[in-house]
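Trainee: Handing you a structure now.
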Amino acid sequence: MTENDQGNVPSRQRKRFPGISSRAYEHPADRSALVALRKLSGFDTVFKALSGLLPERSLRLLFLSDSVRVSDAQFSHLNDMLRDACYILDLEKVPPMYVTQDPKPNAMCIGLDEPIIVVTTGLVELLDEEEMRAVVGHEVGHALSGHSVYRTVLLFLTSLALKIAWIPLGNVAIMAIVTALREWFRKSELSADRAGLLVGQDVQASMRGLMKIAGGNHLHEMNVDAFLAQADEYEKAGDLRDSVLKILNVLPRTHPFTTVRAAELRKWSESRDFQRIMDGHYPKRSEDKDASVTDSFRESAGHYADTVRTSKDPLMKLVGDIAGGAGDLAGDLGGKLRNAFGGGQGPRKPDAAGTDGTTGNAEDGKGGPAGATGDAS
């Protein structure tokens, strides 16, 4: 695809990221959840069995017959945004995009073989050009990451769970997979928000879009800083009972809460990782095959550890305190064991006087828990 293929010239210059890998913008929790899903006992078997049953052809025909396909002739401004987003993220094949009649603002990217993007009329009418550009970039990010495959499976399994709810064990099995998929998909939304920012390259437009999704088309009545303050209040408010209620509230959702998404995106936009991408330093798709699974696990573990350590949520603070106490205890025990066994240097020899002659090791007891390492960045 060349720059001239993009149709109308964008309203301002935007940086392009040739060959960018989705690893550049994927949230660490997204990657770890994907690994967990693939390791889920029986998931691969279930996925392969269901692949032939998923109504993908039916979905494509449905949107083709009962929605408006974006093109140069229909919703041309959206078509320009779509081609521009694919150009910026270097996605060679532009996915089909449809506008469907629905007053609820929404967008999705689905499909097993080839992703398709669907946006509702409610969303098109709600957002301005730059806000909509971030949303289109968000969906193109889903396509580049391959998220559409799991979204399609989630839609099918959710429908299936409702149909077999009368079978106790069958429903429990399906809902276990649905719950895991929802947890992964919530994390994948954070990744796609980052892709939307890379495409729009306007953090304020991304913030406005999320505010409008939460509060409607009343931008003059809303404030970005106050909106982000809500996310901080939500995280640290209440006691352990509220922490449990937060978990219960989010379980049935496929998307994180809007204020949380805004806070996460603002944090990433101010990070060194984002600046490095904008400066042209990012992992390439050509290197994906050489990506280390171990490094991905280490990064994810570091992210979760940092989240627990810095979280203001009462439950997470309790978990962090318990983990810290356990770490201190492990350090104390480790130091005592090293002293007892001569710092791991083998059996101690008696001194000239025939006594034990044990002395303290100056290096013992300095460190933290055995095997502890610094936080992954």
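Trainee: Could you please tell me which pairs satisfy a Cβ distance under 6 Å, a separation of 6+ or placement on different chains, a first residue in region 199-213 that is assigned to a helix (DSSP H, G or I), and a second residue that is aromatic (Phe, Trp, Tyr) and surrounded by fewer than 21 Cβ atoms within 10 Å (Cβ to Cβ)?
Mentor: MET211/PHE227
Trainee: How many residues does region 63-83 contain that are surrounded by 12 or more Cβ atoms within 10 Å (Cβ to Cβ) and in contact with a Ser or Thr (Cβ under 9 Å, 6 or more places away or on another chain)?
Mentor: Filtering region 63-83 for residues surrounded by 12 or more Cβ atoms within 10 Å (Cβ to Cβ) gives 63-64, 67-71, 74-83.
Now restrict to residues that are in contact with a Ser or Thr (Cβ under 9 Å, 6 or more places away or on another chain): 63, 67-68, 70, 79.
Number satisfying all stated conditions: 5.
Trainee: Sort out for me the helices (runs of 4 or more DSSP H) sitting completely within region 8-120 that have 3 or more residues that are at pLDDT 85 or above.
Mentor: Values: elements: 28-39, 43-51, 56-66, 76-88.
Output list reads 56-66, 76-88.
So that you can scan it fast, the table gives a plain yes or no per residue for (1) farther than 20 Å from ASN217 by Cα; (2) acidic (Asp, Glu); (3) in contact (Cβ under 8 Å) with a residue 24 or more places away in the chain:
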| site | (1), (2), (3) |
| --- | --- |
| GLU92 | yes, yes, yes |
| THR120 | no, no, no |
| GLU129 | no, yes, yes |
| LEU144 | yes, no, yes |
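Trainee: On the basis of being modelled with pLDDT under 75 and either crowded, with 17+ Cβ neighbours inside 10 Å or assigned by TED's automatic domain parsing to the domain that holds SER58 (or both), does LYS163 make the cut? Before the answer, list the steps.
Mentor: Values: modelled with pLDDT under 75: yes; either crowded, with 17+ Cβ neighbours inside 10 Å or assigned by TED's automatic domain parsing to the domain that holds SER58 (or both): yes.
Judged against the criteria, LYS163 is a match.
Trainee: Considering only region 221-319, give the helices (runs of 4 or more DSSP H) lying wholly within it that have at least 2 residues that are out of contact with any helix residue (DSSP H, G or I) (no Cβ under 8 Å at 6 or more places or on another chain) and modelled with pLDDT of 85 or more.
Mentor: Working: elements: 224-236, 240-250, 258-269, 272-278, 293-310.
The helices (runs of 4 or more DSSP H) meeting that bar are 224-236, 272-278.
The values are calculated or read from the model by the stated rules, or taken from the named source; none is laboratory data. Just so it is clear, the model here is predicted, and its values are computed rather than measured. Glycine also receives a Cβ, built like all others from the backbone with ideal geometry; neighbour counts cover every protein chain displayed.
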